Amino acid sequence: MCIRLITKTIQNNQIRLRVFDDMKEFQKQIELLEIQRKFQKVNSCIRYKHSFRREKIIKLANMDKTQKEIAEKMNCSYSTVKREIKAIRESLG
């Protein structure tokens with residue numbers, strides 16, 4: 001008995017259809033999609049953490065705090081503050 005399962009994915013405004021003849025192949029694809037979704041959630045949390053940290057660094061820098069004072073105020077290392085400031089500068093161009 002042949003089972004045909006069709007999945008639809010949308011990427012870059014394009015719809016891609018895929019036909020699976022094998023249930024195991026379909027289940028494997030579903031597992032991969034679930035892993036991708038979990039990874040996207042983790043990435044989203046990390047991006048939020050970085051953007052929140054960078055906003056706080058900008059606020060403290062606008063208050064004429066040194067990098068060392070910012071690190072102490074935020075309870076993080078001096079190198080973390082330096083790395084975030086570098087990332088802020090790179091994002092501004």
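Annotations
- Residues within segment 17-30 that are part of a helix (DSSP H, G or I) and surrounded by fewer than 10 Cβ atoms within 10 Å (Cβ to Cβ), tallied: 1
- Filter pass, Lys65 being surrounded by 13 or more Cβ atoms within 10 Å (Cβ to Cβ), at pLDDT 90 or above, part of a helix (DSSP H, G or I) and among the basic types (Lys, Arg): no
The values are calculated or read from the model by the stated rules, or taken from the named source; none is laboratory data. Treat the numbers as computed from the prediction; the structure is a model and nothing was measured. Positions of Cβ are backbone-derived with ideal geometry, glycine not excepted, and every protein chain shown enters the neighbour counts.
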